[in-house]
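These notes concern the structure reproduced below.
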Amino acid sequence: MKRFLSILLCFMLIISVSGCKKEERFDLSELKIRLENADEKYFFSYEDIFYSDAVYYIYYSFRSENDVLLTVKEDSNLNVIRISAAVWSTADESTVSEYETFCEELTRIFVSEKEREGLIDETGLFADGVLFTDFVSVSEKTDYTARAFSSEFGAVYVLEFNMH
């Protein structure tokens, strides 16, 4: 009987510990919750989402109307596999500052803790004099890839889950 109780106790402990692990992969609804928890200005309504070619398009108006565009792509299991944030080159300094903060928050939300440290800095997108110049950068980690693209028209910061 003691052995049965020991096995049962071990089984219950394993089940309870495995249930506490935070899921690294999540869907659009969880992204919405995480963004809202990060800052109320990152709230978006499902009614305001555009969907085309398996990509969700969400516009933000941080300083002026539709000054930042968030795109989200999910896999066949509805897990988010890629997010990107774009800003137009017509953005003023405060919008650019807000855009950088938004990109940092997206990195914190999307990329696992062990791989996100320094990731946005490695892309070099927000280094002095880089934004809105001809610039491309890729930073690869084990599970994630960060890309930065910039031109005279705007800039895009992309985070993608590497499918193994």
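The values are calculated or read from the model by the stated rules, or taken from the named source; none is laboratory data. Only a predicted model underlies this, so the values are computations on that prediction, with no experimental measurement involved. Note that we place each Cβ from the backbone using ideal geometry, even for glycine, and neighbour counts take in every protein chain shown. We work out accessible area using only protein heavy atoms, side chains counted, and drop any ligands, DNA or RNA first. Shrake-Rupley method; radii C 1.70, N 1.55, O 1.52, S 1.80 Å.
Listing for the model above:
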{"read-out": "100, 117, ranked by accessible area, largest first (probe 1.4 Å)", "value": "117, 100"}
{"read-out": "Listed residues 54, 146, 38, most fluctuating in the chain (Gaussian network, C-alpha, under 10 Å)", "value": "54"}
{"read-out": "Separation of the residue 24 and residue 121 label points, Cα + 7 Å toward Cβ, nm", "value": "2.3 nm"}
{"read-out": "Spacing of the two label points (7 Å from each Cα toward its C-beta) at residue 66 and residue 163, in nm", "value": "3.0 nm"}
{"read-out": "72, 96, ranked by accessible area, largest first (probe 1.4 Å)", "value": "96, 72"}
{"read-out": "Ellipticity estimate at 222 nm from DSSP helix runs (n ≥ 4, -39,500 (n - 2.57)) divided over the chain, nearest 500", "value": "-10500 deg cm²/dmol"}
{"read-out": "Within the accessible area of the chain (1.4 Å probe), percent carbon and sulfur", "value": "53 percent"}
{"read-out": "Per residue accessible area of the range 25-164, 1.4 Å probe, in Å²", "value": "53 Å²"}
{"read-out": "GNM top mover of 37, 66, 77 - the chain, alpha-carbon springs below 10 Å", "value": "77"}
{"read-out": "Protection proxy ranking of 39-45, 83-89, 155-161 - average other beta-carbon atoms within 10 Å, highest first", "value": "155-161, 83-89, 39-45"}
{"read-out": "Potential extension, residue 57-residue 43 segment - 0.36 nm per residue separation minus Cα distance", "value": "3.7 nm"}
{"read-out": "Label point distance in nm, residue 101-residue 36, each placed 7 Å from Cα along Cα→Cβ", "value": "2.0 nm"}
{"read-out": "Note, ³J(HN,Hα) from phi for the range 82-88, Karplus 6.51, -1.76, 1.60, rounded to Hz, x at Gly and Pro", "value": "8, 10, 9, 10, 10, 9, 7"}
